[in-house]
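Shown next, in C-alpha cells, is the structure this report addresses.
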Amino acid sequence: MKLCYFDCFSGIAGDMTLGALVDAGADLNEIDTELRKLGLAGWSLRAEKVRRGPIQATKVDVVVSGHQHHHRGLTDILKLIEKATLPPRVWARATEVFKCLGEAEARVHGIPIDKVHFHEVGAVDAIVDIVGSCVGFELLGVESFVCSPLNLGGGSVQTEHGPLPVPAPATADMLRQAPTYSTGIPRELVTPTGAALVAGLVNRFGPLPPMTIAKIGYGAGSLELKEQPNVLRLFLGETAEAAASAEEPEVAILEANLDDMSPEVGGYVLEQALAAGALDVFYTPVQMKKNRPGVVLTVICPPERADALTRLIFEQTTTIGLRQSSARRRVLERSFVSVKTPLGEVRMKLARLNGRILNAAPEYDDCQRLAREKGVPLKQVLADAQFYFRQQQEDQS
C-alpha cells in the first residue's frame, strides 16, 4: 500500500503540503489542469526552490490577481468541488477535508453547518491549496496517511474575528483526537487548512511507521523561523508489511445483504467508503428471503480501517448486521506516466511484475475530459493513448 507520512515538526499548512508534494514529484502542471475544473478565476500557481534554515524546500504560491471574494459558505465550496468533474478520490478527499473544517467552525460558533461561512479559508488560495493537495496525493498514488504529533506553535494570530490564541479555535477542534505539543515558538505553526487536511485524510497518528521510503518532499512555509526550519516533510513509499509479504498484504472484507435501501443511498455509501480508506467497494445482485431482489455490499479495506468502515456501513445503510473476514491481497506494483497524444496529454496507469510492465491502461478521467473538449468519441481517445504510449516505449528502448 502506498503510504504518506506527515512529519509535522514545524506544523502544517495547506501551502506547505502542496509544496512538499511538488517537491516529491507531483507535476505542478497536472495539478493546475485539475484545479482549473473548479471554475475559479484570477489565480495562477508558482513554485520555486527556497531555503528554510539549512534545508532546501519547495515553496508553492497561489498568485491571486485583482480583488477576490473571501467569504464563501461551506455549501458554496462543496458545490464547486462537486461540479468540477475531479477524479473520484480527489473529489471525495477534498469534500471530506472541507466538511471537517465546516463541522469544526459550526461547533466553535454554535451555528448550523449550512450557515458556516469561511473567511481566510474561503479565499481562492486556500481552496486551491486544499484541492491541489488532494490532486497531488492522487498523482503520487497515495492510498493511506499517517501523521506525527503536531507542533502547534504559540502566541496569537490575527484573524477576521480579531486576535485569537494559537491554535485558533477551529484548528484546536479539528485536532482533538491528534497528539499535539508546542516547543514554545510564538507563531501559528498549524493553520486551519493544515489541520483540515490532517483531520480529513489521516488514518492514524504516531512515529514513522515501518515503510520502504521512495520519495521525500519538503514544503516551505511562508515564515523564516529562527528556532528551526519552517518546513513540512512528507515521506512517501510502500508499507513495510506489503514489501515483506511479497505484495500480499492482509485485507479485511466486510459484507452486508441489503434489500430495502434506495439506489441513491448506495452510490453515496460507495463514495463515502472509498473516502474513508476502503481499497474497493462493490455491489453484487442477489435473491434474498421472501423472494426479494437485493444486493450484497462488499467493502475491502486495510485491517486498521475495518472498525471505522463498519461504523460507516451501520450508520449509512439499512443493514442490521454484517460479516467480516480476512484475506491476502496480491497486487502488482503500480505507477503513472504521462503520454502526449494529438488530442492532449493522458496519464497511463502501469502495472509491473518484477519491473516488467504487464498492463498499461489510460486514465479514464483524462480520456473523458479530452473526448468532451475535442468533440471526439471516447474510444478514439483511449485508442490514441495506447498507440502513443507503445510508440513512446519503443522510442525509449
Report task. Using Cα centres only, tell me the gap between region 188-217 and region 86-107 in whole Å. Result -> 16
Requested in this report: Could you sort out which of 49/349; 99/374; 37/115; 49/374; 49/340; 2/340 sit more than 31 Å apart by Cα distance in this structure?
Outcome: 99/374; 49/374
**Report entry** region 41-60 and region 316-388: distance between their alpha carbon centers, rounded to Å
**Finding:** 31
Query raised in the report: Could you give the semi-axes, largest first, of the ellipsoid that matches region 285-335, computed as the square roots of 5 times the alpha carbon gyration tensor eigenvalues and rounded to whole Å?
Result: 26, 16, 10
Requested in this report: Name the residue, out of 387, 336, 118, whose mean-square fluctuation peaks in a Gaussian network model built on the chain with Cα pairs under 10 Å.
Outcome: 387
Query raised in the report: With contacts defined as alpha carbon pairs under 8 Å and 6 or more residues apart, what's the relative contact order of region 250-328 in percent?
Result: 49
Report task. Quote the FRET efficiency, to the nearest 0.05, computed for residue 326 versus residue 359 with a Förster distance R0 of 30 Å and r equal to the Cβ-Cβ distance. Result -> 0.70
Query raised in the report: How far apart, in nm, are the 7 Å Cα→Cβ label points at residue 108 and residue 61?
Result: 2.6
Report summary line: Looks like region 126-280, by Cα gyration tensor root eigenvalues a ≥ b ≥ c and the a/c under 1.5 rounded cutoff (else prolate when a/b is bigger than b/c, oblate otherwise), is oblate
Report task. For region 1-139, state the semi-axes of the equivalent ellipsoid (square roots of 5 times the eigenvalues of the alpha-carbon gyration tensor), sorted largest first and rounded to whole angstrom. Result -> 25, 17, 16
Query raised in the report: If you stretched the chain out fully between residue 318 and residue 78, how much longer would it get, using 0.36 nm times the residue separation minus the C-alpha to C-alpha distance?
Result: 83.8 nm
Report task. For each of 49, 226, 349, count neighbouring Cβ atoms within 10 Å of the residue's Cβ, then give the residues from fewest to most. Result -> 226, 49, 349
Query raised in the report: Which one of 21, 309, 164 has the biggest mean-square fluctuation once the chain is modelled by GNM with Cα springs under 10 Å?
Result: 164
Report summary line: Per residue, the convex hull enclosing the alpha carbons of region 111-190 has a volume in Å³ of 137
Query raised in the report: Most mobile of 17, 319, 191 per a Gaussian network model of the chain (Cα springs, under 10 Å)?
Result: 319
Query - Kirkwood estimate for region 338-396, i.e. one over the average of 1/r between Cα atoms, Å - result: 11.7
Query raised in the report: What ranking do 10, 325 get, fewest neighbouring Cβ atoms within 10 angstrom at the top?
Result: 325, 10
Query raised in the report: Across every pair of different alpha-carbon atoms, what Kirkwood hydrodynamic radius in Å does region 202-337 reach?
Result: 17.8
Requested in this report: Take 55, 127, 81, 12 and order them by how many other Cβ atoms sit within 10 Å, fewest up front.
Outcome: 55, 81, 127, 12
Report summary line: Given 58-65, 200-207, the highest-first ranking by average Cβ count within 10 Å works out to 58-65, 200-207
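Rule-based calculations on the coordinates, nothing more; no lab input. Owing to the predicted nature of the structure, the values given are computational and were not obtained by experimental measurement. So basically every Cβ, Gly included, is an ideal-geometry build from the backbone, and we count neighbours across all protein chains shown.
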